[in-house]
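Please treat every number below as a calculation from the coordinates, not as lab data. Keep in mind that this is a model prediction, so the values were computed, not measured.
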């Protein structure tokens with residue numbers, strides 16, 4: 001409940017601040033509204049452009065991550081195969097022939 005009261009107080013403060021700013025603005029109301037409108041449009045364009053840049057960067061990072069994971073997967077598979085082969089090479093020659101079998 002305390003958060004709702006704080007939010008209401010904040011919004012009221014913002015409204016009062018905007019009202020006082022409009023009263024003491026150095027430009028006429030129409031000019032001020034146009035200025036605010038143009039700045040809002042600039043902000044919108046900036047956010048859109050920045051969002052596109054961030055999306056592209058994220059895509060590049062994802063691709064790099066996929067490539068790195070693929071390389072690590074291949075390296076791990078090669079290491080496992082080398083380990084298996086080393087185990088086979090080590091175990092096979094040391095096994096004595098079973099009794100009664102010819103070599």
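What length, rounded to one decimal in nm, is gained on full extension from residue 44 through to residue 63, with 0.36 nm per residue of separation minus their alpha-carbon distance?
Values: separation 19, 0.36 × 19 = 6.84 nm, distance 2.88 nm.
Contour length minus Cα-Cα distance gives 4.0 nm.
How would you classify region 25-85 from its alpha-carbon gyration tensor, with a ≥ b ≥ c the square roots of the eigenvalues: rounded for a/c under 1.5, else prolate if a/b is greater than b/c, otherwise oblate?
Values: a/c = 14.01, a/b = 8.49, b/c = 1.65.
Verdict is prolate for region 25-85.
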